[in-house]
Amino acid sequence: MFTVQLSAQQDSLSVENSRTIQPISESKNFEREKDYKPYNALAPAKAAFYSAILPGLGQIYNGQIWKVPIAYAAIGIPVYLYIDNNKQYNRYRTAYKQRLAGKEDEFAGRISDEGLRNAQELYQRNKELSLLFAVGLYALNIIDANVSAHLQQFNVNEDLSFKPNYKLDEFTGKSNYGFSLNYKF
């Protein structure tokens, strides 16, 4: 139903026209589009900011609370490995310094000077890699919150589908396999 209402007033200075258009509410497509409110859409920048302040907070903002333990595990494990590798590095470094000073160390008779240097290098490399992974996964947490907030703004419904298709040819009796892309109006 489309309604136009016009009114005119004869005046020497002005002519006033007003139009009222009523939306079509009988169609299903219009009812679904009517539910979309752009002011309720999540702000991707806000989600990324929240995740930058506290890992997992952007995922909570997006309504994906199940991702929070994954984010904390992904960042926590490299942080734990960094702390452990730093502890081991300092342990071997102290033993090497004591050995160079001529004092007795905890690895006397078991590990050579070369072995102590190699252990220091190994734990320092592992420590640096752990820090690199922690920073990378922290950035990935921020990117995930941003992308998830962007993707939640899209309308995903059953009108567009990509399904496997099986069709039997009526004349030859052979079967045809394939994929079909369907769009419902």
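Only the coordinates and a few stated rules stand behind these numbers; no lab work does. Just so we're clear, the structure is a prediction, and the values are computed from it rather than from any experiment. Glycine also receives a Cβ, built like all others from the backbone with ideal geometry; neighbour counts cover every protein chain displayed.
Ranked by the mean number of other Cβ atoms within 10 Å per residue, highest first, peptides 67-76, 46-55, 98-107, 165-174 order as 46-55, 67-76, 98-107, 165-174.
Compared with the alpha-carbon gap, the fully stretched path from residue 87 to residue 179 is longer by 27.4 nm at 0.36 nm per residue.
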